[in-house]
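A quick write-up on the structure given underneath.
Any read-out appearing in this document is the output of simple, stated calculations on the displayed coordinates, not a laboratory observation. Keep in mind that this is a model prediction, so the values were computed, not measured. Virtual Cβ from ideal backbone geometry, glycine too; neighbours counted across all protein chains shown.
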Amino acid sequence: MEHDVMLPVAVRTDLALEAHDQARAALGEPVPGVTTDTQQEDGITVTRVTVTDEAGARAIGKRPGTYVTLEVPGLRQQDTPLRQRVAERLARELEGFFDRLGLGPQSSVLVIGLGNAQVTPDALGPLVVENLLVTRHLFELAPEQVARGYRPVSALAPGVLGKTGIETSDIVLALCHHVKPDAVIVIDALAARALERVNTTIQIADTGIQPGSGVGNKRKPLDREALGVPVLAIGVPTVVDAATIAYDAIDYVLAHLRAQLAEARENRPARRLVPGARRYAPDPRRIRAVRAERDPEVEASLFGAVGALSPEEKRALIAEVLQPLGQNLIVTPKEVDAFVGGMANILATGLNMALHEAVDGTNAAAYTF
C-alpha cells in the first residue's frame, strides 16, 4: 500500500547501536563510515560499533570512536552467575580500551559518577562510585603499604547542576588540574529507544559523554577536548520515553494479530483475542519472530494508514502527538531500585577488576556490597 506520510524522526537514545540501527533502516543499506561486529558469548551479545569518519558521525549522530555494547537480557532474572560473567566480560573490554589508549598498570585514573543520587533511575553513577576500590590516597600517604597489583584510583560523584549550581564538566576539569589523572572514566545512566534494552545493556565508549543528551537536557561535554586527558564513558539505559512505549505496544499488538492470521491460515486454533480468556496467552517467541518480519500490507489492512507507516514513521507520529500535550514522559520500570543497584554492582566489580591487577573473579566480591 502506498502512502505519502513523511515525518521527522524523534528518538531519544544514548546508544550508538540503536542510532546505527535507525540510520541503517532509513538508508536501507550499510551506513558509510560505520562498521559493526557482533559476538555471542554465553548469554551476552557484544556489539562493537566503530565510527571511522565524520560522514559516519553525521549519519548516526555519534562522534568518531569505538562504542562497545553488552546486551544481556538475562540480567532481569537476577542470575548471579550471569552477573559475574558480565562483570568479567566488562573488565576484559575495559582492559582493551586501556591498551588502545596507552594506559599501563600504574596509570592513574579518576572515576566520575554522574547523576542525582536522590533520583533512583539517575543514581547509577553515585552507586558505582560507592562500590569502587579507591587507592590514590594510599599512594599519596603510605606508598610503602600498597601491595603490587594496584594503581592510583580516585573517584567522585559531583552531583547535578540543579543541586550544585556548577556545571559538572567544570567540577571535573578543576579536579583534573589538581589530581592530574592519566585518564577519566565517566559513569552515567542513559536513555534507550527499546524497552528490552532498559537495565539489560551496558555501553562503553572512548568518545566521552554529554550528560543529559538522551533526555533532551544537554550539558557541557566531558571528553578529551574538555578535560585534556582520554575519557571513557560507561552507561546503562534506565529510562525510555512514552513514545517508545506506545510504539512498542502498537507494534506488539500488530505482531500478535499477524500471528493470529498466520495460525488461521494454517488451520490451527487461534488463541482468543479477549483479555482474560483462558486461552489468551501469546507465545512471546512467536510474537517477537513475527514482529521482526514486518508485513506492511497486512498491517495496513488491520490498522489502516497507521499500519502502513514504517517503524520510524510510527515512532515520529506518536512523538509528534504526545510532545505538544506534554505527555512524552520519561519512564522507568517499577523495579528500578533493584535493577540500578544490581547494575551498579556489576559495573563496580568490572571496573575494580580492570583497574587493579590484584582484583579478579575470585576476590572481586570482597570489594563491593
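Just subtract the alpha-carbon distance of ALA249 and LEU261 from 0.36 nm times their residue separation and send over the number in nm, one decimal.
Computed gain between ALA249 and LEU261 is 2.5 nm.
Can you list which of the trypsin sites (Lys or Arg not before Pro) found in segment 69-154 are DSSP loop residues with at most 15 other C-beta atoms within 10 Å?
Answer in residue order: ARG148.
For segment 61-185, with the dipole built from +1 on Lys and Arg beta-carbon atoms and -1 on Asp and Glu ones, taken about the Cα centre, which of PRO152, GLY162, PRO105 lies farthest toward the positive end?
Result: PRO105, furthest along the dipole toward the positive end.
Each residue of segment 195-205 in order: what ³J(HN,Hα) in whole Hz does its phi give by Karplus 6.51 cos²θ - 1.76 cosθ + 1.60, θ = phi - 60°, with x for Gly and Pro?
The phi angles translate into 4, 5, 8, 5, 6, 10, 10, 10, 10, 10, 9 Hz.
Take each of the peptides 323-333, 183-193, average the number of other beta-carbon atoms within 10 Å over its residues, and list them starting from the highest.
183-193, 323-333
If you take every residue apart from PHE97 with its C-beta less than 14 Å away from the C-beta of PHE97, what net charge results, scoring Lys and Arg +1 and Asp and Glu -1?
That works out to 0.
Among the listed pairs LYS62/LYS314; LYS62/LYS334; LYS163/LYS334; LYS314/LYS334, give every one whose C-alpha distance is greater than 28 Å.
With Cα atoms farther than 28 Å apart: LYS62/LYS334.
Given R₀ = 25 Å, FRET efficiency for ALA55-LEU173 by Cβ-Cβ distance, to 0.05?
Here the calculated transfer efficiency is 0.25.
Given +1 on the Cβ of Lys and Arg, -1 on the Cβ of Asp and Glu, and no further charges, what dipole in debye does segment 17-143 carry about its Cα centre, rounded to the nearest 20?
120
Pull out the extension gain between ILE166 and LYS180, defined as 0.36 nm times the separation in residues minus the alpha carbon to alpha carbon distance; nm, one decimal.
This chain segment gains 3.0 nm when fully extended.
Under 20 Å Cα-Cα from LYS220, which aspartates and glutamates qualify once same-chain neighbours fewer than 8 residues away are excluded?
Straight-line reach from LYS220, under 20 Å: ASP14, ASP122, GLU167, ASP170, ASP188, ASP206.
Let's test the formula: R0 of 45 Å, r as the Cβ-Cβ distance of GLU196 and GLN106. What FRET efficiency results, to the nearest 0.05?
0.65
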